Each structure stands twice: as structure tokens, then as C-alpha cells.
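Colleague: Sending over a structure as C-alpha cells; questions will come in a sec.
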């Protein structure tokens, strides 16, 4: 079996885990949850340098009419996070053949707790807090590459959000967008489009992308 890549790096909170369901539960329903999450993503992508994750979660809640206390409730219920149904089987196929890594826009503490929900071990786990910057700034992706010790062209990045496409492509990584939520495709430059290998609402396509007979 030949390997097309030496490592696969994942966005954690959408690419690998279903965090959307938890946000919806805490918000009181899917509509409120989506508005809250959209506001949070806007704040995060615009933040650049890291500032406390919980602050962004609370500010985005208030911006959409929710009490700031939902940020605390979200953190307390972090143990309800679950991998997407096929995640463990797909990663088990890959584990031992390629290195696995995670890059996530949350605090170090919550990143560690979320990793525990996967039931798997990873060669590198990079949080925005440890990197000092929020994705899609290049630094979190670059730190993952440094810790893997592998060049960007040999690491497939599994994006969880549209911003991850340009972020990972910007440092030279090929990208697969696991668009589980059905978000619209963002405008792409020619350079970014060149790095996007495909998009799907499942992780199953990763197997033929990474492993070839």
C-alpha cells in the first residue's frame, strides 16, 4: 500500500468532532445555536492574536441575544462532545500508516478535553492558545508542521470551516474540506483552489485520498 501523504491534520471542533450539536443544545435550539456560532466564528477569524477563548464565546453570545453565561455552560458541558459517527473507524484505518495531528481554535485546556473525546492519540495537538494566534493565521498550521517534522506538501489538512481552506492552503498544505454542516463555499483564489482536493459531508473519502493500493 502506497501513501499519498505522510500525515493528516484535522480541524478538531468541526472537522473531527460534532461541536455544533452541543452549541445548539446550550443555546436552546438550532437557530439560536447557529447564530451564536456564526458570530463566534466572525470574532475568532478577526481576532488574529490569541485572547481568551471564553471571552470570544461570551461576546458572541451576547451579540446574538444570549446571556454571556452560556459560555460557562458550554465549557462545563464540553464532555458531551462526540466524534462524527465514522470518525473513529476512518482514523483507525489511518493510524499507524500516517501521523495524525489536530489544529484547533480553542484554549489549551478545552483542546485537551476535546482530544480525550476522540479516544485516539495524536502526534501533534496545536491549540490557538499555544500557537498565540487564531486560525486562519498561518502560525497554528505552521506549528503543527514543525511538530510533525514533515513538509507542508506531505500533510493533508482536513478543514472544518471555510476559513481553514485558505488558512491551510496558505502554508502549502493540500486541503480536504469536511463540510458536514453544509456551509457555502467561500470565494477562492486560484492558488487556494489549486490546494483544495475536494469537499464532502463525510470523512470516508479520506481513505482513498491518503491510501492507495
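Colleague: List 118, 151 from most exposed to least, where exposure is judged by having the fewest other Cβ atoms within 10 Å.
Modeller: Details: 118 20, 151 12.
Lowest count first: 151, 118.
Colleague: Let me know the shape class of the chain, please: from the alpha-carbon gyration tensor, a ≥ b ≥ c as square roots of the eigenvalues, rounded when a/c is under 1.5, otherwise prolate if a/b is greater than b/c, or oblate. Don't skip to the answer; put the middle values down first.
Modeller: Values: a/c = 1.67, a/b = 1.53, b/c = 1.09.
Judged from the Cα gyration tensor, the chain comes out prolate (a/c at least 1.5, a/b above b/c).
Colleague: Something else: For n ≥ 4 DSSP H runs only, could you compute -39500 (n - 2.57) per run for the chain, divide by its residues and tell me the 222 nm figure to the nearest 500?
Modeller: Here the helix-only value at 222 nm equals -13000 deg cm²/dmol.
Colleague: How do 19, 127 line up, fewest other C-beta atoms within 10 Å first?
Modeller: Exposure proxy ranking, most exposed first: 19, 127.
Colleague: Label segment 19-79 by shape, choosing from rounded, prolate and oblate, from the square roots a ≥ b ≥ c of the eigenvalues of the Cα gyration tensor; if a/c is under 1.5 it is rounded, and otherwise prolate applies when a/b is larger than b/c, oblate when it is not.
Modeller: prolate
Colleague: Rank these for me by crowding, 129, 73, going from fewest to most other beta carbons within 10 Å.
Modeller: Ordered by Cβ neighbours within 10 Å, fewest first: 73, 129.
Colleague: In whole angstrom, note down how far apart the Cα centers of segment 1-22 and segment 85-116 are.
Modeller: Using only Cα atoms, the two centres lie 6 Å from each other.
Colleague: Taking every DSSP beta bridge with both residues inside the chain, roughly what % is antiparallel (nearest 5)? Kindly include the intermediate steps, with their values, before the conclusion.
Modeller: Details: 4 of 25 bridges.
Roughly 15 percent of the DSSP beta bridges within the chain come out antiparallel.
Here, each number is a calculation from the coordinates, and none is a lab measurement. For clarity, every value in this text was computed on a predicted model and none was experimentally measured. Glycine also receives a Cβ, built like all others from the backbone with ideal geometry; neighbour counts cover every protein chain displayed.
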